[in-house]
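Comments concern the structure below.
The values are calculated or read from the model by the stated rules, or taken from the named source; none is laboratory data. Since the model is a prediction, treat every value here as computed from it, not as a measurement. Counting neighbours? That spans all protein chains shown, and the Cβs are built from the backbone with ideal geometry, glycine included.
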Amino acid sequence: MTEQNFDPERLRPAEYVCEADPRNTMFVRVDRINGTSRVIELTDHHEQISAYVLHAGVPQEIVLQFETARNVYLYAWFVYRFYPVAEHHSLACLELALRERLKEEVRTGKIREKRPTLRPLLKYAVEHGLVKNEGFSAWQNRGEIRSRSRVEMEKLREASEKNLAEVTWDESDVQITAEDLDWDYVKMLPDLLPMLRNDYAHGSTDLHNWALRSFQIVSEIINQLYQPPA
């Protein structure tokens with residue numbers, strides 16, 4: 001099959017319904033061990049979205065909405081323009097999860113708006129410690145990256161001072177410190193996520209396949225909002 005068999009921007013002809021959107025086949029997967037590469041496949045695409053799961057303590061009605069968003073992402077393999085649709089639905093699912101988790105706070109007036117939107121709900125969750133830096137892999141990875149960079153710089157400085165031809169180190173040298181983790185990741189979320197959601201809600205022509213970043217953030221927030229079963 002070639003791209004000329006159908007127009008991916010139009011309603012798909014029935015005989016090509018199960019064909020990959022040609023824009024997805026432009027990406028490759030690189031084997032870092034042997035340096036070989038291959039065109040990304042549906043199984044790779046499925047593996048990526050399968051990584052983001054809500055735990056069993058999350059209410060079922062929220063899980064079902066998240067699963068809907070995951071399936072839309074999965075079917076973006078066939079229709080590239082499903083990526084922003086999937087991202088938009090994942091953010092709508094986040095607002096649903098926050099509204100359900102904080103419904104008592106809304107009822108008692110702790111959150112002033114009668115029907116608060118994503119930003120005040122998320123802001124309340126962050127300010128009251130329901131969502132913490134420690135619950136985000138991006139925050140943890142930032143600490144590792146900074147720690148690793150510090151070790152590399154120290155070794156390079158040692159090599160320069162001692163006029164060494166080479167230096168070596170192992171993983172035990174990479175120790176994450178409090179300074180490495182001094183990054184208030186959650187502080188930016190109440191502004192960033194509503195802005196992204198509103199961009200979709202009010203009409204957007206954006207087209208990209210970056211939705212996985214939102215799935216990661218949304219799943220990590222929701223999994224913090226609700227206690228997993230003992």
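Among the residues examined, GLY109 qualifies as free of Cβ contacts under 8 Å to residues at least 12 places away in the same chain and surrounded by fewer than 20 Cβ atoms within 10 Å (Cβ to Cβ).
Here's the yes/no breakdown for (1) surrounded by fewer than 13 Cβ atoms within 10 Å (Cβ to Cβ); (2) of a type in the set (Gly, Ala, Ser):
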residue	(1), (2)
GLU127	yes, no
ASN133	no, no
TRP139	no, no
SER147	no, yes
TYR185	no, no
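Taking the options ARG29, ARG99, ARG38, ARG115, name whichever one is in contact with a Pro (Cβ under 8 Å, 6 or more places away or on another chain), without any contact (Cβ under 8 Å) to a residue 24 or more places away in the chain and basic (Lys, Arg).
Values: ARG29 fails: in contact with a Pro (Cβ under 8 Å, 6 or more places away or on another chain); ARG38 fails: in contact with a Pro (Cβ under 8 Å, 6 or more places away or on another chain); ARG115 fails: in contact with a Pro (Cβ under 8 Å, 6 or more places away or on another chain).
ARG99 is the lone residue from the list that is in contact with a Pro (Cβ under 8 Å, 6 or more places away or on another chain), without any contact (Cβ under 8 Å) to a residue 24 or more places away in the chain and basic (Lys, Arg).
The condition of being modelled with pLDDT under 95, of a type in the set (Asp, Glu), part of a helix (DSSP H, G or I) and over 16 Å from the mean Cα position of the chain (by Cα) holds for only one of GLU113, GLU105, GLU134, that being GLU105.
One line per residue, one yes/no per condition, for (1) assigned to a helix (DSSP H, G or I); (2) surrounded by fewer than 16 Cβ atoms within 10 Å (Cβ to Cβ); (3) touching a His at 6+ places or on another chain (Cβ under 7 Å):
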| residue | (1), (2), (3) |
| --- | --- |
| ASP7 | no, yes, no |
| ALA20 | no, no, no |
| ASP44 | yes, yes, no |
| GLY57 | no, yes, no |
| VAL63 | yes, no, no |
| TYR80 | no, no, no |
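Residues that are buried (at least 16 other Cβ atoms within 10 Å of the Cβ), under 21 Å from GLY129 (Cβ atoms), over 16 Å from the mean Cα position of the chain (by Cα) and not basic (Lys, Arg) do not occur anywhere in the stretch 202-219. Is it the case that some residue within the stretch 50-63 is over 29 Å from SER204 (Cα atoms), in contact (Cβ under 8 Å) with a residue 12 or more places away in the chain and among the acidic types (Asp, Glu)? No, that holds for no residue. Mind checking whether some residue in the stretch 167-178 is touching a residue at least 24 places away in the same chain (Cβ under 8 Å), under 30 Å from ALA69 (Cβ atoms) and surrounded by 13 or more Cβ atoms within 10 Å (Cβ to Cβ)? No; the residues of the stretch 167-178 include none that is touching a residue at least 24 places away in the same chain (Cβ under 8 Å), under 30 Å from ALA69 (Cβ atoms) and surrounded by 13 or more Cβ atoms within 10 Å (Cβ to Cβ).
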